[in-house]
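Peer 1: Sharing a structure with you now.
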Amino acid sequence: MEEFSYQDGELCCEDLPMSRIAKEVGTPFYCYSAAHIIKRFRAYDQAFGDRKHLICFAVKANSNLVILNLLGKLGAGADIVSGGELFRALRAGIPANRIVFSGVGKTTEEIQAALDAGILMFNIESMQEFHAIAKTCRETGKKARISFRVNPDVDPKTHPYISTGLKKNKFGMPVHDALEAYREAKRNPHVEITGIDCHIGSQLTQIQPFLDALDRVAAVVQTLNDEGIQLSYLDTGGGLGIRYHDETPPDPGKLIRELIKRMDANGLQQTVIVEPGRSICGNAGALVTKVLYTKENSGKTFVIVDAAMNDLPRPSLYQAYHDIWHLNQTSNRKPCLVDIVGPICETGDFLAKEREMPLPAQGELLSVMSAGAYGFSMSSNYNSRPRIPEVLVNGSEFRVIRKRESYEDLVRIEEIS
């Protein structure tokens, strides 16, 4: 997280002390670095060289309109999985012809909205979904550009909840079924076969699973080519991991260069689509929180902060590790084991367990690192807690890109009859 560093003893995002943001917007809040997002996007983009490609940012990772707009201006498209994400991507200024629609449960209303917008293609995950899209096209006189998502049965070696490319997962279609799907689609006048899709999981820290999946997809492409089914796009998905603690994932440029080399070896000349999310914005963000109280129960030390599992669900949901830094560098304080917990009435409400760190004082500010992906986008109003603000730092300046919710916001769309 190069854009987060201590300067004169204060933790800064780029050139701005984060304590200054806390004074103006209060805690907790999400803080993002524009420089990090731009740098990571360009690492993907420049690695392609002259190869035709499209980088579709995975909106589920971070769906803030300002961040989507920033990426769109850099040339990014969007990988969406819902009608709401379609709405956000379009509202952020991302052109429809740079949007791909993934996900196993597209509704008729979502399909219609995507057709009306004119998206690049649907990544189809089942034959019933294909029939629903074809039916909507037949009824409306529109033609859908489609690809089928192949499940290559490759182990991504990641957390089981974010693995998507094994045959036991709900995503995609087995190779044999995908081939039959393409053959049926070729006979259907309401769709245009455009590409092929594969995505095997998230937070991958090795390149080999990507290459293994690509080899299996290449075999499908060759079979389709032999049968006269030509594909314009090859969507390799996303999933590259980041460093949370002690991981050593490859950089985006290395992954792309290896993918292109393997594509060339397999004779694949399609336009490449990649769908990074976490690897662009994960280490661009931090969650800043304030210590409310400390307490001991039978020798166990708890640090109670004003951020909670509703603000950052990953530790509770995945037992995910996030580094936690003091906003002011500490010295001469002996480290101790603490649980950092929030105010929610759940034992599962924690940001860190048995973490060795200098004991924070009441009122001290902490920063939960690597929180730019699947942080705010997964947050909720559980315990009727207003969702927290998001800010974007650029150099020594910041702007609030989502305001803190109020109690009135919590009940705005409810009515007492």
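Every number here is computed from the coordinates shown, using simple stated rules; none is lab data. All figures in this text were calculated on a predicted structure; none of them were measured in a lab. Because the Cβ atoms are built from the backbone with ideal geometry, glycine has one as well, and the counts that use them run over all protein chains shown.
Peer 1: Which angle from 0 to 90°, rounded to the nearest 10, does the C-alpha axis of helix 108-117 make with the longest principal axis of the chain?
Peer 2: 80 degrees
Peer 1: For residue 361 and residue 205 in the same chain, what is the full-extension length gain: residue separation times 0.36 nm, less their Cα-Cα distance, in nm?
Peer 2: Once the chain is fully extended between residue 361 and residue 205, it gains 52.6 nm.
Peer 1: Now a separate question. Please report 196, 416 as a ranked list, fewest other C-beta atoms within 10 angstrom at the top and most at the bottom.
Peer 2: Details: 196 27, 416 4.
Least crowded to most crowded, the residues run 416, 196.
Peer 1: Oh, and also: Which one, 220, 238, 200, projects farthest toward the positive side of the charge dipole computed for the range 103-274 from Cβ point charges (K/R +1, D/E -1)?
Peer 2: The residue sitting most towards the positive pole is 220.
Peer 1: Now for a separate question. Starting from the Cα-Cα distance between residue 271 and residue 184, subtract it from 0.36 nm times their residue separation and give me the gain in nm to one decimal.
Peer 2: Details: separation 87, 0.36 × 87 = 31.32 nm, distance 2.35 nm.
Taking 0.36 nm per residue and subtracting the Cα distance, the gain is 29.0 nm.
Peer 1: Then there is this: Counting only DSSP beta bridges with both residues in the range 103-274, what percent are antiparallel, rounded to the nearest 5? List each step's numbers first, then the result.
Peer 2: Values: 1 of 18 bridges.
The antiparallel proportion sits near 5 percent.
Peer 1: I would also like to ask the following. Neighbour counts of other C-beta atoms within 10 Å: give me 377, 33, 384 arranged from fewest to most. Walk me through the numbers before you get to the answer.
Peer 2: Details: 377 18, 33 27, 384 9.
Result, fewest neighbours first: 384, 377, 33.
Peer 1: Per DSSP H run of n ≥ 4, the term is -39500 (n - 2.57); total these for the chain, divide by its residue number, and report the mean residue ellipticity at 222 nm rounded to 500 deg cm²/dmol.
Peer 2: On the way: 12 runs with 124 residues, N = 417.
Computed mean residue ellipticity for the chain: -9000 deg cm²/dmol.
Peer 1: At 1.306 mPa s and 10 °C, plugging the Kirkwood radius over alpha-carbon pairs of the chain into Stokes-Einstein gives what diffusion coefficient in µm²/s? Could the numbers behind the result be given before it?
Peer 2: Details: Rh = 22.6 Å.
Translational diffusion coefficient: 70 µm²/s.
Peer 1: In degrees, nearest 10, range 0 to 90: what is the angle between the Cα axis of helix 252-265 and the longest Cα principal axis of the chain?
Peer 2: Approximately 20 degrees, to the nearest ten.
Peer 1: Just the C-alpha atoms of the range 103-274: what Rg/Rh do they give, with Rh taken as the Kirkwood radius?
Peer 2: Numbers: Rg = 16.3 Å, Rh = 16.6 Å.
Computed over Cα atoms, the ratio is 0.98.
Peer 1: Of the beta bridges DSSP finds with both residues in the chain, what % are antiparallel, to the nearest 5? Don't skip to the answer; put the middle values down first.
Peer 2: On the way: 36 of 72 bridges.
So the antiparallel bridges in the chain amount to around 50 percent.
Peer 1: Let me ask another. Let me check against my output: what whole-number percent is the relative contact order of the range 309-417, with C-alpha pairs under 8 Å and at least 6 apart? Working shown, then result.
Peer 2: Working: 154 pairs, mean separation 30.0, N = 109.
Result for the range 309-417 is 27 percent.
Peer 1: What ranking of 18, 378 emerges when the number of other C-beta atoms within 10 Å of each C-beta is taken as an exposure proxy, fewest first?
Peer 2: Final ranking by Cβ density, sparse to dense: 378, 18.
Peer 1: Would you work out which of 301, 322, 363 lies farthest towards the positive end of the dipole of the chain? Charges go on Cβ: Lys and Arg +1, Asp and Glu -1.
Peer 2: It is 322.
Peer 1: How big is D for the range 1-152, in µm² s⁻¹ as a whole number, if Stokes-Einstein is applied with the Kirkwood radius of its Cα pairs at 20 °C and 1.002 mPa s?
Peer 2: Working: Rh = 17.6 Å.
Stokes-Einstein gives a translational diffusion coefficient of 122 µm²/s.
Peer 1: Straight-line reach only, C-alpha to C-alpha below 30 angstrom: list the lysines that residue 52 could link to, leaving out same-chain residues fewer than 8 apart.
Peer 2: Straight-line reach from residue 52, under 30 Å: 39, 60, 73, 106, 142, 143, 157, 186, 254, 261.
Peer 1: Take every DSSP beta bridge with both residues inside the range 1-153 and express the antiparallel ones as a percent of the total, to the nearest 5.
Peer 2: On the way: 6 of 17 bridges.
Within the range 1-153, antiparallel bridges account for around 35 percent of the total.
Peer 1: Given 0.36 nm per residue, what is the gain on full extension from residue 405 to residue 318 after removing their alpha carbon distance, in nm? Write out the running numbers ahead of the final one.
Peer 2: Values: separation 87, 0.36 × 87 = 31.32 nm, distance 2.62 nm.
Full-extension gain reported as 28.7 nm.
Peer 1: Now for a different question. Return one number: the angle in degrees, 0 to 90 and rounded to the nearest 10, between the long axis of the Cα atoms of helix 34-47 and the longest principal axis of the Cα atoms of the chain.
Peer 2: Tilt relative to the chain: about 30 degrees.
Peer 1: Oh, and also: How high is the relative contact order of the chain, in percent, counting Cα pairs under 8 Å that sit 6 or more residues apart? Spell out each step's value before the answer.
Peer 2: Numbers: 921 pairs, mean separation 81.0, N = 417.
The normalised contact order for the chain reaches 19 percent.
Peer 1: Only four residue types carry charge here, +1 at the Cβ of Lys and Arg and -1 at the Cβ of Asp and Glu. Report the dipole size of the chain about the Cα centre in Debye, rounded to the nearest 20. If you can, show how the numbers build up before the last one.
Peer 2: Numbers: 48 positive and 52 negative charges, 88 e Å.
For the chain, the charge dipole is close to 420 debye.
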